[in-house]
Amino acid sequence: MIISSQGFGHFTQGLNNQDFGVETSRMVLVLDGCSGAKYSEVGTRLFAQLFLRKEECDKYEKFEDNVKEVFEELIGMMSKYYSTKEDVEKEFIMENLLFTIIACFKTEDKYIVKMFGDGYIITKNQQGLLSYMKFSYGKYPPYFAYKYCSDMNFQNYQFKTFEFDRKIFPQVGIGSDGILPMVKGELKGIDNIISKGNEIMVSAAIKAQRQCFSDDVTIGMFEGEDGNELD
Amino acid sequence: MNWIKNLLGEKDKGNNGQSSNNSPKDKPVRDYSAEMIPLEELYMSEELYLVESLDLPQRESKPNTDVQRRVTQLVETVKSDDRTIDKDPKGPVNPKGAIKPNQGNKVFAPRIPEIEKTLTIIIIENTNETAKEKDKLEMIVKKLVAKGLVYVINYGKKVREGKVVEAKQFNCSELLYQSDIGDNACLFDAIIALERVVEKNYMKFAELDNKRLVIRNIEIIGIGRCIDNCSITSSQIAIDSFTKIAKQFDITSKYICLSEESFVEAAKVGFRSIVSISRKYM
């Protein structure tokens with residue numbers, strides 16, 4: 001399931017929901033657009049569409065190569081509209097392609113999370129306790145698109161990979177950094193709703209308390225058949 | 001008090017204040033319905049106290065109408081309530097803390113003011129690795145335990161427990177022991193100690209001078225790498241104990257890892273919020 005909701009702060013400022021998420025049977029992908037980039041919602045949606053057209057896009061072994069290919073194709077396609085390389089970087093990459101990439105893959109025996117940028121991994125342990133792992137890198141988090149910019153310091157950064165044994169963690173999900181109010185406990189009972197993995201209920205709970213969320217919220221999880229076994 | 005008399009008399013006469021054939025004189029009767037106070041309001045009105053001063057013959061006789069019966073009941077209620085209003089000439093009406101008998105002769109104990117405090121339990125790994133980050137950890141802990149009560153469980157080769165202190169008196173430099181420091185960490189034994197502390201303090205009242213202290217919120221803060229290599233307690237028992245604690249209402253947990261590598265270990269135990277002290281993208 002993918003749940004995405006515009007943050008109330010963005011609503012009041014007249015900004016679109018810059019997050020986006022897609023899913024297949026083996027993968028959930030969350031893209032969290034940078035608030036500072038003018039058209040990051042365009043970048044997230046464009047990237048997701050093209051990424052899904054890649055062969056075996058939901059195979060974790062090929063994930064990093066696929067991401068790289070899509071970025072190169074997008075930049076290659078758009079370069080002809082700009083006169084210099086600097087313009088491409090400044091006006092296309094920096095305004096469109098700055099977004100966090102978090103993907104969760106489900107294999108027979110484990111969940112594998114790959115992330116580039118800041119966000120959350122949500123896990124449920126054997127006893128049914130939810131944990132929110134926060135990955136935060138300050139005001140200027142690294143974005144994959146910086147690899148295509150000449151003056152950035154993030155050229156050598158790689159995807160982070162985390163593996164979760166499905167016997168120990170029956171449910172694993174991912175989220176954008178906008179879920180912070182949930183982690184802080186501002187939404188009473190949200191842990192129970194998330195651990196049941198019911199898309200409609202999670203979505204309703206977030207939208208009912210929309211004013212808590214200043215940033216856009218996106219959660220990606222596999223439907224809760226595993227989690228429900230425990231409940 | 002004419003309105004009461006009219007209220008009672010009027011109902012006898014018939015509906016809507018119209019005069020009936022039984023009236024002694026065939027005078028046109030004034031319509032008081034607009035002036036009447038609803039009975040619900042009447043009950044709350046001060047004027048009700050004046051009702052008992054009326055000599056209403058209807059009270060002795062069988063009430064004729066529903067309204068009359070209700071007014072009679074109200075008068076009875078006011079009378080009985082009036083008994084509970086202290087009119088004891090010996091002393092003040094209701095001195096503070098006095099035991100006040102009510103109409104049912106029930107006795108209420110004087111109410112002691114309650115003070116609610118949050119207890120922060122810090123469960124910190126005392127190893128070489130954490131000692132390297134001592135300054136950073138002290139700063140983080142200082143911010144986290146600004147108010148309430150603090151209790152520190154320090155674990156390395158063995159578990160050391162402090163005592164409950166006020167946050168203002170808490171000295172962050174006591175977080176880590178400099179002696180007996182190594183690479184061993186008995187996290188699971190520390191979790192058992194944690195369970196004991198929670199049981200001892202959660203929702204328990206402590207009597208102070210004229211006050212009662214109660215801890216309704218507990219925040220557990222783990223610090224370290226969330227590893228265990230020398231506990232007597234098994235991981236399963238420790239995790240079950242932690243689950244028992246964490247599932248209780250108003251108990252929250254957080255783990256501050258030295259690096260993101262420890263996140264998975266902290267999630268295995270079941271800490272709710274897991275963060276790293278470092279913001280560097282490694």
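Return one number: the angle in degrees, 0 to 90 and rounded to the nearest 10, between the long axis of the Cα atoms of helix A:199-208 and the longest principal axis of the Cα atoms of chain A.
On a 0 to 90 degree scale, this one is about 80.
Mean-square fluctuation check for chain A, GNM, Cα pairs under 10 Å: which of A:Glu55, A:Glu72, A:Glu199 is largest?
Judging by the Gaussian network model, the answer is A:Glu55.
Is there a quick way to get the dipole size of segment A:12-150? I mean about its Cα centre, with the Cβ of Lys and Arg at +1 and of Asp and Glu at -1; what is the value in debye to the nearest 20? If you can, show how the numbers build up before the last one.
Values: 18 positive and 21 negative charges, 60 e Å.
My answer is approximately 280 debye.
How many partner chain Cβ atoms sit within 10 Å of a residue's Cβ in peptide A:114-127, on average, as a whole number? Could you put the intermediate results ahead of the total?
Values: counts 0, 0, 1, 1, 2, 0, 2, 4, 1, 7, 2, 8, 6, 11.
Neighbouring Cβ atoms belonging to other protein chains average 3 per residue here.
Mind scanning A:Lys59/A:Lys167; A:Lys59/A:Lys160; B:Lys143/B:Lys168; A:Lys167/B:Lys158; A:Lys62/A:Lys167; A:Lys188/B:Lys254 and naming the pairs with a C-alpha gap bigger than 19 Å? Let's see the in-between values first.
On the way: A:Lys59/A:Lys167 21 Å; A:Lys59/A:Lys160 16 Å; B:Lys143/B:Lys168 12 Å; A:Lys167/B:Lys158 30 Å; A:Lys62/A:Lys167 25 Å; A:Lys188/B:Lys254 17 Å.
Pairs exceeding 19 Å: A:Lys59/A:Lys167; A:Lys167/B:Lys158; A:Lys62/A:Lys167.
Remind me, relative contact order of chain A in percent, using alpha carbon pairs under 8 angstrom and six or more residues apart? Walk me through the intermediate numbers first.
Working: 455 pairs, mean separation 63.6, N = 231.
For chain A, the relative contact order is 28 percent.
Under the classification rounded if a/c is under 1.5, otherwise prolate if a/b is larger than b/c and oblate if not, where does segment A:4-127 fall, given a ≥ b ≥ c as square roots of the Cα gyration tensor eigenvalues? Intermediate values should be presented prior to the final figure.
On the way: a/c = 2.54, a/b = 1.35, b/c = 1.88.
It comes out oblate by the Cα gyration axes.
Once you sort the root eigenvalues of the Cα gyration tensor of segment B:136-282 as a ≥ b ≥ c, which label holds: rounded (a/c under 1.5), prolate (a/b larger than b/c) or oblate (the other case)? Display every interim value, and only then the final one.
Values: a/c = 1.55, a/b = 1.35, b/c = 1.15.
Prolate, because a/c is 1.5 or more and a/b exceeds b/c.
Considering every residue in B:274-281, what mean count of other chain Cβ atoms within 10 Å of its Cβ is obtained? It would help to have the intermediate numbers written out before the result.
Working: counts 9, 6, 5, 0, 1, 7, 2, 12.
The mean count of partner-chain Cβ atoms within 10 Å per residue comes to 5.
I need the shape label for segment A:142-231. Rule: rounded when a/c is under 1.5, else prolate if a/b > b/c, else oblate, with a, b, c from the alpha carbon gyration tensor. The partial results should precede the final answer.
On the way: a/c = 3.08, a/b = 1.50, b/c = 2.06.
Note, shape of segment A:142-231 comes out oblate.
Computed from the coordinates by the stated procedures, all read-outs in this text should not be read as laboratory data. All values reported here derive from a predicted model rather than from experimental measurement. For neighbour counting, all protein chains shown are included, and Cβ atoms are generated from backbone atoms with ideal geometry for every residue, glycine included.
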